[in-house]
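The values are calculated or read from the model by the stated rules, or taken from the named source; none is laboratory data. Just so it is clear, the structure is predicted and the values come from calculations on it, not from any experiment. Note that each Cβ is placed from the backbone with ideal geometry, even for glycine, and that neighbours are counted across all protein chains shown. Side chains included, ligands, DNA and RNA excluded: accessible areas come from the protein's heavy atoms. Shrake-Rupley method; radii C 1.70, N 1.55, O 1.52, S 1.80 Å.
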Amino acid sequence: MVDDWKCVGCLYCIAACPYKVRFINPVTKAADKCDFCYESRVGKGKLPACVDACPTKALVFGDLNDRGSTLYSMLLSHPISRDKASLGTAPKLFKIRAATGEIVL
């Protein structure tokens with residue numbers, strides 16, 4: 001998370017981000033990225049807005065430490081991948097792949 005008061009808008013974090021997801025927030029003028037609605041929704045016990053609004057339920061959100069959660073069982077029972085895990089950044093965004101490792105249309 002970025003402290004809006006300390007960010008000078010130099011764009012170095014945007015250039016350095018291996019996931020290419022940082023941007024300058026037009027309201028705060030500070031670097032920003034999706035925080036899965038941490039303060040506005042998750043902190044109040046709700047799901048992130050994207051998960052709640054997804055009409056096909058393609059997005060799942062939960063606690064990786066909760067072994068009884070839907071998320072935990074889903075990750076154990078499906079082949080998964082994580083972008084740029086080789087960089088040692090320990091990404092927590094998991095993508096469920098088709099059994100063959102390809103997208104099935």
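With respect to residue 6, determine if the residue is open to solvent by 60 Å² or more (accessible area, probe 1.4 Å) and at positive phi. For residue 6, the condition - open to solvent by 60 Å² or more (accessible area, probe 1.4 Å) and at positive phi - is not met. Taking first residues from the stretch 81-105 that are open to solvent by 100 Å² or more (accessible area, probe 1.4 Å) and partners that are outside any loop (DSSP other than H, G, I, E, B) and at pLDDT 80 or above, the Cβ contacts under 6 Å between residues at least 6 apart in sequence or on separate chains come to 97/81. One residue stands out among those in the stretch 49-62 that are modelled with pLDDT of 90 or more and exposed (fewer than 11 other Cβ atoms within 10 Å of the Cβ): the one that is nearest to residue 19 (Cα to Cα), which is 53. Give me the residue from the stretch 9-21 that is closer than 16 Å to residue 89 by Cα, out of contact with any Ser or Thr (no Cβ under 9 Å at 6 or more places or on another chain) and touching a residue at least 12 places away in the same chain (Cβ under 8 Å) and, out of that set, surrounded by the fewest Cβ atoms within 10 Å (Cβ to Cβ). Among them, the one singled out is 21. For the stretch 11-31, the tally of residues that are in contact with a strand residue (DSSP E or B) (Cβ under 8 Å, 6 or more places away or on another chain) and among the polar types (S, T, N, Q) stands at 1.
For residue 72, are the conditions met, namely being under 25 Å from residue 97 (Cβ atoms), within 17 Å of the chain's Cα centre (by Cα) and of a type in the set (Phe, Trp, Tyr)? Full working, then the answer.
Details: under 25 Å from residue 97 (Cβ atoms): yes; within 17 Å of the chain's Cα centre (by Cα): yes; of a type in the set (Phe, Trp, Tyr): yes.
Yes; evaluated as a whole, the condition is true for this residue.
Screening residue 52 with (1) acidic (Asp, Glu); (2) in a loop (DSSP other than H, G, I, E, B); (3) within 16 Å of the chain's Cα centre (by Cα) gives one miss only, at (2). For the stretch 22-47, a residue qualifies if it is open to solvent by 60 Å² or more (accessible area, probe 1.4 Å), closer than 22 Å to residue 91 by Cα and assigned to a helix (DSSP H, G or I), and exactly one does: 43.
Do we find a residue being among the β-branched types (Val, Ile, Thr) and touching a Phe, Trp or Tyr at 6+ places or on another chain (Cβ under 7 Å) anywhere in the stretch 18-27? Full working, then the answer.
Of the stretch 18-27, the ones among the β-branched types (Val, Ile, Thr) are 21, 24, 27.
Still in the list and also touching a Phe, Trp or Tyr at 6+ places or on another chain (Cβ under 7 Å): none.
Scanning the stretch 18-27, I find no residue that is among the β-branched types (Val, Ile, Thr) and touching a Phe, Trp or Tyr at 6+ places or on another chain (Cβ under 7 Å), so the answer is no.
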